[in-house]
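Here, each number is a calculation from the coordinates, and none is a lab measurement. Computed from a predicted structure; not experimentally measured. Virtual Cβ from ideal backbone geometry, glycine too; neighbours counted across all protein chains shown.
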Amino acid sequence: NYLLQSANHPVKRLSKRETRILFPYLDFFKNKRVVIYGAGRIGSALHQTCKDHGIEVAAWCDRNYQQLQRDGKKVDAPEIIADLEFDVVLDAVGDPSSLEDIFNLMSSLGVDKSRIKVTIPEYRMIIQ
C-alpha cells in the first residue's frame, strides 16, 4: 500500500500522521484561500488533504493541465492565477530543480514571492 499512488489512480486519503509528515504546516492554511500548483502525486495528495481538512482551494493548477483534464482531473491553466483572489500559492510539484521556474512563472502572473509556499519541508532550505 503506497502513501501516494500513481497520477493515474485515485490518491488514498492520508492518515493524520501521514498528513503531519507530508504537510506539517497545513493548519496554517485553515482560514486561507489557497492555490495549489502541481497536480502530480504530491499535488493530488495535497488537493485531497485540503478538501478533507476544510481548506478552501481557490484553484488547482498545473502547466500540463490539458493532459490532466483529459485524464479526468479538474485542473486549470496556471494563467488563471492572475485573475484570482487568494492568499497563498502552495507549490506541490515535488521537484526541487523546478523551484526557480515556478517562482518565475508565479512572478510573471503577478504573484509576490512571499505568497508562494513550498509544501515539501526538505525543499524549503533551497529557497531560503
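How high is the FRET efficiency from E79 to R17, r the C-beta distance, R0 35 Å, rounded to 0.05?
On the way: r = 37 Å, r/R0 = 1.05.
Approximately 0.45, to the nearest 0.05.
For region 58-107, the square roots of the Cα gyration tensor eigenvalues, ordered a ≥ b ≥ c, give a/c of at least 1.5 with a/b no greater than b/c, which places it in the oblate category. Computed from phi, the 3J(HN,Hα) profile of region 71-82 under the Karplus parametrisation 6.51, -1.76, 1.60 (θ = phi - 60°) reads 7, x, 8, 8, 10, 9, 5, x, 4, 5, 4, 4 Hz, with x in place of Gly and Pro.
Excluding same-chain residues fewer than 8 positions from K32, which lysines have a Cα within less than 22 Å of its Cα? Once the sequence-local lysines are set aside, what remains near K32 is K16, K51, K74, K113, K117. When you filter the GluC sites (Glu not before Pro) in region 59-100 for DSSP loop state and at most 11 other Cβ atoms inside 10 Å of their Cβ, you are left with E85. Subtracting the Cα-Cα distance of S108 and H53 from their residue separation scaled by 0.36 nm leaves 16.8 nm.
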